[in-house]
1. Quick one: which residues, 5 or more positions from D114 or on another chain, have an amide H under 5 Å from its amide H? H modelled 1.01 Å from N in the peptide plane, none for Pro or chain starts.
2. Got a sec to turn the phi values of the stretch 95-112 into Karplus ³J(HN,Hα) couplings, 6.51 cos²θ - 1.76 cosθ + 1.60 with θ = phi - 60°, whole Hz, x for Gly and Pro?
3. In nm, what is the difference between 0.36 nm times the number of residues separating T113 and T8 and their Cα-Cα distance?
4. Would you pull out the residues with amide H under 5 Å of I5's amide H, same chain only if 5 or more places away, H placed 1.01 Å from N?
5. For the stretch 30-147, which whole-number percentage of the solvent-accessible area (1.4 Å probe, protein heavy atoms only) is attributable to carbon and sulfur atoms?
6. Can you give me the distance in nm between label points at S97 and D30, each placed 7 Å from the Cα along the Cα-to-Cβ direction?
7. Over 30 Å between Cα atoms, which of K56/K99; K67/K131; K77/K100 qualify?
8. Going by amide H atoms built from the backbone, whose H comes under 5 Å of the H on I70, apart from near neighbours?
Amino acid sequence: LLLTIPQTELAAGTDPTVVKDRISTERDNDVEIPRDLSMSYYDIDHDYQQGSQPAKRSEVTNFSSGKNTITIPVVMKPGEAAIAAARALYLLWIERSIKKLSLALPYFKLTPTDVIEVNRSNRNHLIRVTKTALEPDSMMIEVQGVSEDFGIYTTITATPSLSDLVGGTFQGGTITPI
């Protein structure tokens with residue numbers, strides 16, 4: 001976490017006549033997020049041959065039918081790849097909300113990949129910055145970002161199946177709600 005921005009700092013430009021919405025949220029359509037994701041990797045247990053591990057969203061997402069494949073040039077065990085696939089799918093889900101906010105010039109130091117916490121109406125929003133731009137008319141910094149969840153790196157678990165224990169391939173993981 002880089003810094004926390006209080007509500008009083010939102011839309012606080014140098015020109016008091018310019019009033020902007022403090023923070024806006026655009027949400028992508030849930031059905032555009034794939035229901036299935038496959039992670040291709042190099043399997044250390046099978047002489048570095050390419051392996052693939054699936055991840056699937058909840059049955060609640062019946063209207064989504066998309067499938068994505070991610071190929072990464074990394075050597076992993078099947079269980080590690082299953083966890084990575086589940087994380088990638090969950091990241092697509094939480095990043096569907098795009099946040100836009102305006103900040104004063106001292107926040108010009110923000111760069112993409114910085115994580116900020118914005119307090120608005122007694123609710124904290126964790127945002128990973130994806131874009132910043134100077135708005136010359138209002139002398140404010142326009143910040144765009146996506147929702148961030150640090151818990152994803154500790155709450156996703158994968159449990160090996162019986163076939164995995166006797167030399168088969170691991171068939172997936174579970175996502176624990178946060």
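The values are calculated or read from the model by the stated rules, or taken from the named source; none is laboratory data. Computed from a prediction, not measured in an experiment: that's the story for all the values here. Neighbour counts run over all protein chains shown; Cβ positions are idealised from the backbone, glycine included. Keep in mind that these areas ignore ligands, DNA and RNA; they rest on the heavy atoms of the full protein, side chains included. Shrake-Rupley method; radii C 1.70, N 1.55, O 1.52, S 1.80 Å.
1. Those lying under 5 Å, H to H, from D114 are V129.
2. Here the 3J(HN,Hα) series is 7, 6, 9, 9, 9, 10, 8, 10, 10, 6, 3, x, 8, 4, 6, 5, 10, x Hz.
3. Values: separation 105, 0.36 × 105 = 37.80 nm, distance 2.34 nm.
Length difference between fully extended and current span is 35.5 nm.
4. The answer is E117, V118, N119.
5. On the stretch 30-147, the fraction of accessible area on carbon and sulfur atoms equals 52 percent.
6. Here the answer is 1.3 nm between the modelled labels.
7. Working: K56/K99 26 Å; K67/K131 28 Å; K77/K100 39 Å.
Pairs exceeding the cut-off: K77/K100.
8. Residues meeting the criterion, in which the H sits 1.01 Å from N, are S38, M39, S40.
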